[in-house]
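Below is one structure, written out as structure tokens; comments come after it.
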Amino acid sequence: MPNKSPNSSNKENQKKYAQLIAKAWSDETFKHKLKSHPAQALREFGIELPTNTSCEVVENTPNKVYLVIPRRPSAEKLSEQEMKNIIAAQGFGLPETPNQ
């Protein structure tokens, strides 16, 4: 099996995440399952949570937006620019809000 680069794995995860969100937007039953039993719903998309890891699913509304601060990538000292590069590669950012 060939080694996958971190970017390849990240792109696969982004694709799975996009599919998961599209399913939640289009299927109320699945969205309820994702909110009530996230590990089980994630597994349907090939996403496994590490052992002893919990997951809380929240949904942005027109009046409330959640900002998630991701876990720091490592304990080593990173420069601000290195952190920005990691964040950009991960695709983290503020959620888009529709024009009203």
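For (1) touching a helix residue (DSSP H, G or I) at 6+ places or on another chain (Cβ under 9 Å); (2) closer than 22 Å to Gln19 by Cα, each residue gets a yes or a no:
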| residue | (1), (2) |
| --- | --- |
| Pro38 | no, yes |
| Ala41 | yes, yes |
| Phe45 | yes, yes |
| Ser54 | yes, yes |
| Glu59 | yes, yes |
| Asn63 | no, no |
| Pro70 | yes, yes |
| Gln81 | no, no |
| Lys84 | no, no |
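Here is a yes/no grid of residues against (1) out of contact with any Leu (no Cβ under 9 Å at 6 or more places or on another chain); (2) under 22 Å from Arg71 (Cα atoms); (3) free of Cβ contacts under 8 Å to residues at least 12 places away in the same chain:
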site	(1), (2), (3)
Lys15	yes, yes, yes
Glu28	yes, no, yes
His32	yes, no, yes
Leu42	no, yes, no
Glu56	yes, yes, no
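Just one of Ser26, Ser54, Ser5 is more than 15 Å from the chain's Cα centre (by Cα) and modelled with pLDDT of 90 or more; which is it?
Among Ser26, Ser54, Ser5, only Ser26 is more than 15 Å from the chain's Cα centre (by Cα) and modelled with pLDDT of 90 or more.
Filter the stretch 20-64 down to the residues that are in a loop (DSSP other than H, G, I, E, B) and loosely packed, with under 12 Cβ neighbours inside 10 Å and list them by number.
Passing the criteria: Gly46, Glu48, Pro50, Thr51, Asn52, Thr53, Ser54, Glu56, Val58, Glu59, Pro62, Asn63.
The values are calculated or read from the model by the stated rules, or taken from the named source; none is laboratory data. Since we're looking at a predicted model, the values are computed, not measured. As a convention, Cβ positions derive from the backbone with ideal geometry for all residues, glycine included, and neighbour counts pool all protein chains shown.
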